[in-house]
Each structure stands twice: as structure tokens, then as C-alpha cells.
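Please read the structure below before turning to the comments.
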Amino acid sequence: MKSIYMDHSATTPVDKQVFEAMVPYFTEIYGNAASVHSQGRQASRAVELAREQVAALIGASPEEIIFTSGGTEADNQAIIAYMLANRSKGRHIITSAIEHHAVLHCCDWLARQGFEITVLPVNPLGVVEPATLSKALRPDTALVSIMHANNEVGTLEPIAELAAIAHEAGAVFHTDAVQTVGKIPVDVRELGVDLLSASAHKLYGPKGVGCLYSNKKVGITGFVHGGGQENGKRAGTTNVPGIVGFGKAAELAGQNLPVRAAKLTELGQRLIKGLLKEIPHTRLNGHPTERLPGSVSVSFDYVEGESILLMLDSYGIMASSGSACTSGSTDPSHVLLALGIPVESAHGSLRLTMGKDNTDADVDRVLEVLPTIIKKLRAMSPLGH
Ligand code: PLP
């Protein structure tokens, strides 16, 4: 049985070319990038090339890129390091109800240190409406953090407009672009953002490496303290193979983006149409068109997301559920609830996120097996249908 991987928003496989680019930096050029000998200098040159590759993908200058251990650390640095270093500019932060926990939990932590947080609601399609931001801004708002695309429902946010509104009020703007970098065009100047987080493992790069883009205006300070790596902005021995992999992944993403995005948009729309047509009592979560290419989130009434996942897995199809069913907890996801999706429907949510290797045949297969799975589960369901 061929397995079908449709969980690319969780993580992606490492591209073979990325892997090959990384290997020499484990086995041959293993020197510390801070060392003065020839190996160290070679490693350092490779890191600087990767910095150029990542910067090119998002329209930044290389000196605006700080390599981190991933998206989570980039979000932590953008929010916590910025707020702690800029208390004099204000103690108020604005974010949205559908952010990743890497952002929301940073805000919660800052709230416990005496900062004030406003969490903006989203409309039923998952969009942060610009008027809502305008109303929430205050003279003491130092930072606004709104994600570029939501990781659960795929909705794209109007970042350029939101950033302009924040700037008019004198606030700095951060976007968590972990789900968009490499998948849709991302240009920091066009978006007008000051801080942006990205992560390599969402674009066929390795896990455990990402970056924070920070423009000169912000002058972000360090968050992880120790040695003077990353120009004093991120201490710790440089993850040379990981960064080389991130650079290669960024280069490949830039080259392949238009073709991949067009194909994924088509596959995604076909899957959405098919599911809504073939399975009664099904709703699409998120925006119908302003969404991440290849990202599908649906809710089926009268079923549990976890059961759908297990049944799909028995057919070799790997997906994820919208609910955070971790260790016995069946709390529905904060994102789905923020969109106003009723708790019962949120429990029956399914996220199918496609990637570069998914095909029309994969979509056909899901459309073949999923209606039967849902029918079976509904027949067994105590939720009553
Ligand atoms: N932000 C968003 C929107 C994400 O989807 C993720 C990962 O799922 C992260 C942040 C965390 O990134 P990382 O896994 O690189 O720490």
C-alpha cells in the first residue's frame, strides 16, 4: 500500500538536494564556524552563503537575518526580547486569537511580567480585520504580532495593510511567517514588516533551524546569551549543517515556488470541492480562496477527528486533526473556536496539507476512502446522526 503524506504543515521531508548539501558539513568540514583555521573559515563562508540564500527568498539583506533554532525561538526573540528591551516605548502588545502557541505563550509570559496584551478576534473566515486592529492600537502599543498564514486553517492575513496601520500608530510589526516562507511569495519590504519568523522544516529543510528577520529600525537584541555568535544576536555554537540545509532549501523554494504553488492551489481546490460534494454535513474551515496553497481544513459533524486520523492511517494516509488531542485531553483547537466553529464540529476536524510530491492520484485516493470512513464512523457515533 502506497502511503500518502498530507501533513506538510506539521513538517516536510528533507529534499534530497538539501540533504546532499548538508552532508559534508557533518563529516568533512566540521570545524566550528568561529574558528580561525581553514575549516572554521570554510564553515563560516557556508553559513554566510546560506544567509544570502535565505535573505534572497524573503527580499531581505543578509545582515538582517539571525539564524535561530527554529520558528519557536524566532517568535520568542521577536516578542520577548523586543518588549523587554523597549519598555520605554510602551508595555502594550497586540496579537490575534489564532496565533501559534509560540506567539500566544510568549504573550502570556509577558503578561505575567506586567505587560498588557490585547488578543484580537478574527472573522468567521479566520481573517484579522484591519479595522479591529485600528481600534485596539494605543499610544503605548509597542508591538503588533499577527501571523502571515494560520497553520491550522490556512487563512492568509492582510499583513501589508495591518503592518501599515501598526506603523501609523508608532508600533513595530512582527509576523510569524513559518507557514508561508517558501510556499507563497514573501517579501519583507512589500509586506512592510519589521520582524518576521521562518522555519526550515516547513520548506523541505532540516528541523531545528530557522531565522528571525529583523530590520535596522528595530535593532533587536539577543535572546539566547553566551558567545557572540550571529553578531551578538544569538549565542551558541553555529549549527552549520542545519543552516547550510536551510540555505539550500530556501534557494530551491525560490526556484520552484511559482510552479509548486500553482499545482498545490489546484490540488487543494479539487480536494475541497470533492469533500464538500461527497460528504454531507461538511464545512470548510478558513477562507475559501485566500488560503495557503494545498492546505485543506474541514469539519465533519457527528465524528471525532482522532478516529478519522486513525482510520485514514490504516489506509496509509497521514493527516492531522484540528483538535489538540494530546494525552487524553480532547479540548478543541483554540483556532477553530476563534473562528466561531461550534465545539461539536471542531471535534470532527481534519487538516490535509499537501506538498510538492502529492499528486492528482493522491487527491483521488482521499476522495475515494474518506466518504466511506466518515459514513462508518457516523454509523458508530454516539454523537447521534
Ligand atoms: N509558528 C507556526 C505558525 C508554526 O506552524 C510552527 C510550527 O508548527 C511554529 C511557529 C514553530 O516552528 P518550529 O517548529 O520551527 O519551532
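The values are calculated or read from the model by the stated rules, or taken from the named source; none is laboratory data. These numbers come from a predicted model, not from an experiment. Quick reminder, even Gly has a Cβ in these numbers, built from the backbone with ideal geometry, and neighbours come from all protein chains shown. All accessible areas refer to the heavy atoms of the entire protein, side chains included, with ligands and DNA or RNA removed. Shrake-Rupley method; radii C 1.70, N 1.55, O 1.52, S 1.80 Å.
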- Could we say that His101 is open to solvent by 10 Å² or more (accessible area, probe 1.4 Å), within 14 Å of the ligand (Cβ to nearest atom) and free of Cβ contacts under 8 Å to residues at least 12 places away in the same chain here? yes
- Note on the structure: Within the range 174-206, of all residues that are more than 20 Å from Arg291 (Cα to Cα) and touching a Gly at 6+ places or on another chain (Cβ under 7 Å), the one farthest from the ligand (Cβ to nearest atom) is Arg189
- Hey, can you tell me all the residues within the range 223-255 that are open to solvent by less than 10 Å² (accessible area, probe 1.4 Å) and either modelled with pLDDT under 95 or not in a helix (DSSP H, G or I) (or both)? Ala235
- Message: Could you go through the range 89-98 and let me know if any residue there is assigned by TED's automatic domain parsing to the domain that holds Gln229, within 16 Å of the ligand (Cβ to nearest atom), under 17 Å from Ser145 (Cβ atoms) and open to solvent by 10 Å² or more (accessible area, probe 1.4 Å).
- Response: yes
- Message: Can you confirm whether Ile58 is within 16 Å of the ligand (Cβ to nearest atom) and in contact with a helix residue (DSSP H, G or I) (Cβ under 6 Å, 6 or more places away or on another chain)?
- Response: yes
- Note on the structure: Filtering the range 264-274 down to residues that are farther than 17 Å from Val186 by Cβ and without any contact (Cβ under 8 Å) to a residue 60 or more places away in the chain yields Glu266, Gln269, Ile272, Lys273
- Message: So the check is Cβ under 8 Å with 6+ separation or different chains; which pairs have a first residue in the range 180-196 that's in a helix (DSSP H, G or I) and a second one that's of a type in the set (Ser, Thr, Tyr)?
- Response: Val188/Tyr213; Leu191/Thr175
- Message: Please count how many residues of the range 262-292 are farther than 18 Å from Leu367 by Cα and open to solvent by less than 20 Å² (accessible area, probe 1.4 Å).
- Response: 3
- Query: Are there any pairs, at least 6 apart or on different chains, whose C-beta atoms fall under 8 Å, with the first in the range 233-245 and under 24 Å from Ala85 (Cβ atoms) and of a type in the set (Val, Ile, Thr) and the second part of a helix (DSSP H, G or I) and open to solvent by less than 10 Å² (accessible area, probe 1.4 Å), and if so, which?
  - Reply: Thr238/Ala43; Thr238/Val47
- Query: Looking at this structure, is Pro24 open to solvent by 30 Å² or more (accessible area, probe 1.4 Å), within 16 Å of the ligand (Cβ to nearest atom) and farther than 21 Å from Leu195 by Cα?
  - Reply: no
- Of all residues in the range 5-19 being hydrophobic (A, V, I, L, M, F, W, C) and not in a loop (DSSP other than H, G, I, E, B), the one that is farthest from the ligand (Cβ to nearest atom): Phe19
- Task: Taking the options Asp357, Asp301, Asp313, name whichever one is within 25 Å of His148 (Cα to Cα) and either of a type in the set (Phe, Trp, Tyr) or open to solvent by 30 Å² or more (accessible area, probe 1.4 Å) (or both).
- Result: Asp357
- Matching residues, the range 166-197, being open to solvent by less than 40 Å² (accessible area, probe 1.4 Å) and at positive phi: Gly182, Gly192
- Message: For the list (1) part of a loop (DSSP other than H, G, I, E, B); (2) surrounded by 20 or more Cβ atoms within 10 Å (Cβ to Cβ); (3) within 15 Å of the ligand (Cβ to nearest atom), I need the number of the one condition that Ile220 fails.
- Response: (3)
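Limited to the range 61-79, what total is found for residues that are more than 9 Å from the ligand (Cβ to nearest atom), in contact (Cβ under 8 Å) with a residue 12 or more places away in the chain, of a type outside the set (D, E, K, R) and under 16 Å from Val188 (Cα atoms)?
4
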- Note on the structure: Within the range 129-149, restricting to residues that are among the hydrophobic types (A, V, I, L, M, F, W, C), within 16 Å of the ligand (Cβ to nearest atom) and not in a strand (DSSP E or B), the one that is nearest to the chain's Cα centre (by Cα) is Met147
- Qualifying positions in the range 207-217 - surrounded by fewer than 21 Cβ atoms within 10 Å (Cβ to Cβ) and either more than 22 Å from the chain's Cα centre (by Cα) or more than 10 Å from the ligand (Cβ to nearest atom) (or both): Asn215, Lys216, Lys217
